[in-house]
Amino acid sequence: MPDCPLKHIAFIMDGNGRWAKKRHLPRELGHKAGAEVFDKIVNYCYDIGISAVTVYAFSTENWKRPQKEIDAIFNLFSYYIDHYVEKMRNKKVRFVFIGDRTPFSDSLKKRMSDIEKATEPNSQMILFVGINYGGRNEICHAVNELIAQGKTNITEEDISNNVYTHVYSDPDLIVRTGGEYRLSNFLIWQSAYSELYFTDTLWPDMTGADVDLAIEEFKKRDRRYGGV
Ligand code: FPP
């Protein structure tokens, strides 16, 4: 594996709808193109030696979208979690789904936890997929877990140990495509010291070369973590 200047990269995959609109296509086809690019970008990150990738596939706010679009995203998610896991089998990728699974069907919940269990020993790369994920919701979830454990004086370390991504260190770099400059409730706790990179490129147009540009920019940043 090549030496990589960062361990954990996260993507806000924005711009699928606009990509489709530019081509006079339904938004659902933008998400389909986005899912194909998700595959390419994750593999590219793997090839350049990144150890952890987090993607934001569906947020706790995305339920406000038309039902047809929600169904299209969940159909893609459902297709990918089986076919993608199979495709990545030889690559030793561990899958972890982050987000609130409460509204999902029992069969989807089972498939998700089966994949997590089956891939748990894989140590080449970890892939966190945010599905019904919201950063504020995650912090509430972590605090409720701690209350259930009987904790009374909650520390930062306690919360870090109870967020959905607790099995890996926080992202070094968060990339948002699609020209918006905000985090939109993504990795609110974990992003305290992450570098942020914004690009106008729409997610379905994203390539490995765009990832390289983000990493080049990351290398120029001076990470002081509050020091001098
Ligand atoms: C944001 O673009 C994208 C989403 C809300 C969905 C992302 C979903 C996928 C890439 C496919 C499924 C995921 C996996 C992991 C297989 P937008 O719709 O907000 O675009 P817009 O801002 O141009 O309207």
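Since every read-out is calculated from the coordinates, none of them should be taken as a lab result. Given the structure is predicted, the values throughout are model-derived calculations rather than measurements. Reconstructed Cβ throughout: ideal geometry from the backbone, glycine too, with neighbour counts over all protein chains shown.
I'd like to compare 5-18, 80-93, 28-41: which one has the highest average count of other Cβ atoms within 10 Å, and what's the full order after that?
5-18, 28-41, 80-93
Translational D (Stokes-Einstein, µm²/s) of the stretch 1-77 at 20 °C and 1.002 mPa s when Rh comes from the Kirkwood sum over C-alpha pairs?
Using the Kirkwood radius from Cα pairs, D works out to 156 µm²/s.
List the residues whose amide H sits under 5 Å from the amide H of F11, counting only those 5 or more places along or on another chain, with H placed 1.01 Å from N in the peptide plane.
T54, V55, Y56, V175
How far apart, in nm, are the 7 Å Cα→Cβ label points at I188 and D205?
My value for the distance between the label points is 3.2 nm.
Report ³J(HN,Hα) in whole Hz for each residue of the stretch 154-168, in order, from the Karplus equation J = 6.51 cos²θ - 1.76 cosθ + 1.60 where θ = phi - 60°; Gly and Pro get x.
Calculated HN-Hα couplings, in order: 7, 9, 4, 4, 4, 5, 4, 6, 10, 6, 4, 8, 4, 6, 9 Hz.
Taking the chain as a Gaussian network, Cα atoms linked when under 10 Å apart, which of Y56, Y79, Y168 shows the biggest mean-square fluctuation?
Among Y56, Y79, Y168, the largest GNM mean-square fluctuation belongs to Y79.
Treat the chain as a sphere of radius equal to its Kirkwood radius over Cα pairs and apply Stokes-Einstein at 25 °C in a medium of 0.890 mPa s; give the translational diffusion coefficient in µm²/s, rounded to a whole number.
134
Give, rounded to the nearest 20 debye, the magnitude of the charge dipole that the stretch 1-94 has about its Cα centre when Lys and Arg contribute +1 at Cβ and Asp and Glu contribute -1 at Cβ.
So the magnitude is around 180 debye.
Suppose R0 equals 35 Å; then what is the FRET efficiency for E217 and D106 from their Cβ-Cβ distance, rounded to the nearest 0.05?
Efficiency for this residue pair is about 0.20.
Can you compute the FRET efficiency between S113 and S78 using 1/(1 + (r/R0)^6), with r the Cβ-Cβ distance and R0 = 25 Å? Round to the nearest 0.05.
Result of the calculation: an efficiency of 0.95.
Step through the table entries K117/K219; K110/K151; K21/K219; K22/K68; K21/K117; K68/K110, compare each Cα-Cα distance with 27 Å, and write down the pairs that go over it.
The pairs that break the limit, which is 27 Å between Cα atoms, are K117/K219; K110/K151; K21/K219; K21/K117.
What ranking, highest mean first, results for peptides 110-120, 147-157 when packing means the other Cβ atoms within 10 Å averaged over each residue?
Put in order of decreasing packing, that is 110-120, 147-157.
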